[in-house]
Amino acid sequence: MRLRPRARRPRVEMLSRPGCHLCDVMLETVARQVPEVVVRDIDAERRSGSMGEQEHDRWTTQLPVLLVDGEPVARWQVDPAQLRDLLSSARRR
């Protein structure tokens, strides 16, 4: 009997900032399908030095941004069906 290899779990991150209503909505949508979402506060990362000024400037007007395995896959909003497709294709990589 051959066992099928387990599908790997993609790393899901959301770039956000406190008080962002769209961020709250996206997180609620993503959390329904993804047990572990890393929420990154870009302003806190900039203040701590873990995010450079250029990277911060790149994302600041596009929040929220959903990253799957480090690649941006959605900005401002994500549809649940679109998210399922994105996660499914990421598992196959």
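Where a number appears in this text, it was derived from the coordinates with a stated rule and is not lab data. What you see is a predicted model, and the numbers here were worked out from it, not measured in a lab. Cβ placement follows ideal geometry from the backbone for every residue including glycine, while neighbour counts extend to all protein chains displayed.
Among residues other than G52 whose Cβ falls under 11 Å from its Cβ, what is the net charge (Lys/Arg +1, Asp/Glu -1)?
Working: positive: R46, R58; negative: E45, E53, E55, D57.
Local charge sum for G52: -2.
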Next item on the list: Take each of the peptides 82-88, 25-31, average the number of other beta-carbon atoms within 10 Å over its residues, and list them starting from the highest.
Entry: 25-31, 82-88
Margin query: Using +1 at the C-beta of Lys and Arg and -1 at the C-beta of Asp and Glu, which of S16, A74, S89 has the Cα lying farthest in the positive direction of the dipole of the chain?
Written below: S89
Notebook entry, point to check: What is the percent of Cα-Cα separations in the chain that go past 14 Å?
Noted result: 66
Next item on the list: Just need the relative contact order of the chain here, percent rounded to a whole number, with Cα pairs under 8 Å and 6+ apart.
Entry: 37
Notebook entry, point to check: In degrees from 0 to 90, rounded to the nearest 10, what is the angle of the helix 80-92 Cα long axis to the longest principal axis of the chain?
Noted result: 60
Check: What is the helix-to-structure angle for 21-31, meaning the angle in degrees between its Cα long axis and the longest Cα principal axis of the chain, kept from 0 to 90 and rounded to the nearest 10?
Finding: 20
Note to self: How big is the dipole moment of the chain about its Cα centre under a simple scheme where the beta carbon of each Lys and Arg is +1, that of each Asp and Glu is -1, and everything else is neutral? Debye, nearest 20, please.
What the structure shows: 820
